[in-house]
1. Which whole-Hz ³J(HN,Hα) couplings does the range 149-160 yield from phi under the Karplus relation 6.51 cos²θ - 1.76 cosθ + 1.60, θ = phi - 60°, glycine and proline marked x?
2. What are the ³J(HN,Hα) values, in whole Hz, obtained from phi via the Karplus relation 6.51 cos²θ - 1.76 cosθ + 1.60 with θ = phi - 60°, for each residue of the range 2-7 in sequence order, with x given for Gly and Pro?
3. To test your reading of the geometry: what angle, between 0 and 90 degrees and rounded to tens, separates the Cα axis of helix 103-114 from the longest principal axis of the chain?
4. What residues qualify as long-range amide H neighbours of Gly51, i.e. H under 5 Å apart, gap of 5 or more or another chain, H built at 1.01 Å from N?
5. Could you put Ile19, Ile73, Ile132, Ile151 in order, starting from the residue whose Cβ has the fewest other Cβ atoms within 10 Å?
6. Calculate one ³J(HN,Hα) per residue across the range 43-57 by plugging θ = phi - 60° into the Karplus curve 6.51 cos²θ - 1.76 cosθ + 1.60, and present them in order as whole Hz with x for glycine and proline.
7. Springs between alpha-carbon atoms under 10 Å, Gaussian network over the chain: tell me which of Thr92, Thr116, Thr78 tops the mean-square fluctuations.
8. Relative to the Cα centre, what is the charge dipole magnitude of the range 18-182, using +1 at the beta carbon of each Lys and Arg, -1 at the beta carbon of each Asp and Glu, and rounding to the nearest 20 debye?
Amino acid sequence: MKETFEEKLARVAGSIRRIVIDDPHRRYRDGILYWLNKADALHDAAMVLGGDPFGHHFEAFALLAGFSLEALIKGTLTGLGEKVPFTHDLVTLFERAGLELSDDDRVVLKALTVYTTWHSRYPAAKDAKGMIEGMEVLRSQYPSSGNLQTIAETANASPASLNTASYERLYGFCRQRFFDVQSSVHESVHYSYES
């Protein structure tokens, strides 16, 4: 049985994480507040673009939104003392942190993963199978019939569609879990020669 977020948090609560101050790579990688700073900057940029699925900048919004959630979860994993995987797969990262997902959140995170891995960055996925699966994930968020106004209203209001509201809900949830970790784990700085 996989460990829940609460169990992971209880395991590290009160612990002290030592951060090497004179090695910039280790300092930024291991200091959890650096992850929060990066996530907040990405979040702010995504919100400037707006999350209207029919808006001109939606792919850029989705890319930045996905990366902001990725940074928050990776910062949370760092604080929990977990190995941070080299992946953009948000569902995998949430599961690694022991966070439970609703069906709606899982759909939105899968869509964000499609945007961060290829759809917002390249004209096609690495292979045909990835492209077909990715396009199906993106199409599944929206009604397949009806007039354009109804489809747009549904896309902008549904908790199972990637839009500003679903992103803000997920970002708020991730940020709270991050602060649960940050308030339970202490960070201490030292120099690399102070083994």
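We did not get these values from a lab; they are worked out from the coordinates using the rules stated. This one's a predicted model, so the numbers in the text were calculated from it and none came from an experiment. Note that we place each Cβ from the backbone using ideal geometry, even for glycine, and neighbour counts take in every protein chain shown.
1. 5, 5, 4, 5, 4, 5, 4, 7, 10, 6, x, 9
2. For the range 2-7, the Karplus curve yields 6, 6, 7, 4, 4, 5 Hz.
3. Between helix and principal axis, roughly 90 degrees.
4. The list, which skips near neighbours in sequence, is Thr164.
5. On the way: Ile19 19, Ile73 24, Ile132 11, Ile151 16.
Neighbour counts put them in this order, fewest first: Ile132, Ile151, Ile19, Ile73.
6. 4, 4, 5, 4, 5, 4, 6, x, x, 6, x, 9, x, 5, 9
7. So, out of Thr92, Thr116, Thr78, the one fluctuating most is Thr92.
8. Roughly 440 debye, rounded to the nearest 20.
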